[in-house]
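First up is the structure itself, then whatever we jot down about it.
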Amino acid sequence: MNRTSIRLPAIATLDACTALVHDLPGLLAEGGVLRIDASGVHKFDSTAISLLLHAKRLAQSTACTVELTGLPPAMLGLAQLYGIDSLLVPACGPSYAPDSI
């Protein structure tokens, strides 16, 4: 199984995430697992959450799975505020508990 990993940049805002959006189709084209590591993110905006949702949407149309790791609590909290945390949490695994944010 093909496994690919990418790290979100420390500042995951519009400029940085736009480049990653363009890379996603190529990363997902071969199928397998795409692991997106957000553990180094220190500053972000809603663009980062949009990127993660876009990756999951693209993966659904391919033979690929997206795994999210290291989501900062504030990022998951923002997703919870938007009411879309349930779209991210399954990809994060059981260690995330959105009710504890």
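Using a simple spin-label model with points 7 Å from Cα along the Cα→Cβ vector, what separation in nm is obtained for residue 50 and residue 84?
For residue 50 paired with residue 84, the spin-label model returns 0.9 nm.
Compare the peptides 32-41, 17-26, 54-63 by average per-residue count of other Cβ atoms within 10 angstrom and give them in order, highest first. If you can, show how the numbers build up before the last one.
Details: 32-41: 17.3, 17-26: 13.4, 54-63: 15.2.
Highest mean packing first, the order is 32-41, 54-63, 17-26.
Please report the net charge: other residues with Cβ closer than 9 Å to the Cβ of residue 6, K and R +1, D and E -1. Provide the component values of the computation, followed by the final result.
On the way: positive: 7, 35; negative: 23, 37.
My count for the surroundings of residue 6 gives 0.
Using modelled amide H (1.01 Å from N, peptide plane; none on Pro or chain starts), what sits under 5 Å from the amide H of residue 65, excluding residues fewer than 5 places away?
Placed amide hydrogens put 32, 33, 34 under 5 Å from residue 65.
Any read-out appearing in this document is the output of simple, stated calculations on the displayed coordinates, not a laboratory observation. Quantities reported herein were computed from a predicted structural model and do not represent experimental measurements. Cβ: placed from backbone, ideal geometry, glycine included. Neighbour counts: every protein chain shown.
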